[in-house]
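The values are calculated or read from the model by the stated rules, or taken from the named source; none is laboratory data. Just so it is clear, the structure is predicted and the values come from calculations on it, not from any experiment. Quick reminder, even Gly has a Cβ in these numbers, built from the backbone with ideal geometry, and neighbours come from all protein chains shown. Ligands, DNA and RNA are excluded from the accessible area calculation, which covers all protein heavy atoms including side chains. Shrake-Rupley method; radii C 1.70, N 1.55, O 1.52, S 1.80 Å.
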Amino acid sequence: CTRRCLCISIIALLALGVVGAVIGFAVTFGLPPPTPGQSLILFCNQTGFLCDDRVTCLPASRICNRIRECVNGEDEQEKLCNDLPNSLPGYLIFRCSNPVYWIYADKKCNGANDCGDCSDERGPLASCPPCGTQWWSCTPVFYEYCTCIPRALCRDRIQHCSDWSDEYACNR
């Protein structure tokens, strides 16, 4: 092996040693305990709230609901809930196309017209996936749904789709 090969090998071994030392330090001394308010920074499942116990993950819609669900009650802290939605971290809310309205992030793309104008179900702001297997894609006639209806409503002798496909083409 040449001198260059020897130098590269030594550098690689040194890098591995540094990585091993960092891992050993983390294992030996553990992670630091959570600090108050840390749950404001961390999030789970992209739209959830991680309690200070670092185990409990609450859906966004269960934050500031006047029910203490985290062990230490951090889901109902005054600094978190005093000026909704402005006091919540951005990942916990979805702002509807009408800036006056907002919903909790876990209500976006759930099939229901939570914003009142379907901006939480379709369009560039929502970027929702297509209807799932339990849904029928159509243009609903009622404002409850936006782009899909639950298949349970198919063939129930009530028009839910503007083209009546829920009564003639859809199967439960």
Test: residue in region 84-98 that is under 17 Å from Q46 (Cα atoms), open to solvent by less than 50 Å² (accessible area, probe 1.4 Å) and in a strand (DSSP E or B): yes
Yes/no for C57 being closer than 21 Å to S87 by Cα and modelled with pLDDT under 80: no
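From the list D52, D106, which residue is farther than 14 Å from T147 by Cα, among the charged types (D, E, K, R) and in contact with a strand residue (DSSP E or B) (Cβ under 6 Å, 6 or more places away or on another chain)? Even if it seems obvious, please write down each step before you answer.
Details: D52 fails: in contact with a strand residue (DSSP E or B) (Cβ under 6 Å, 6 or more places away or on another chain).
Being farther than 14 Å from T147 by Cα, among the charged types (D, E, K, R) and in contact with a strand residue (DSSP E or B) (Cβ under 6 Å, 6 or more places away or on another chain) holds for just one of D52, D106, which is D106.
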Among (1) open to solvent by less than 50 Å² (accessible area, probe 1.4 Å); (2) closer than 30 Å to T133 by Cα; (3) not hydroxyl-bearing (S, T, Y) - the single one E74 does not satisfy: (2)
Odd one out for N110 among (1) in a loop (DSSP other than H, G, I, E, B); (2) over 14 Å from the mean Cα position of the chain (by Cα); (3) not small (G, A, S): (2)
Verdict on A105 being surrounded by 14 or more Cβ atoms within 10 Å (Cβ to Cβ), within 29 Å of C51 (Cα to Cα) and under 14 Å from the mean Cα position of the chain (by Cα): yes
Residue, most open to solvent (accessible area, probe 1.4 Å), within region 120-172, restricted to residues that are in contact (Cβ under 8 Å) with a residue 12 or more places away in the chain and of a type in the set (F, W, Y): Y143
Of all residues making up region 132-172, the number that are touching a Phe, Trp or Tyr at 6+ places or on another chain (Cβ under 8 Å) and part of a strand (DSSP E or B): 4
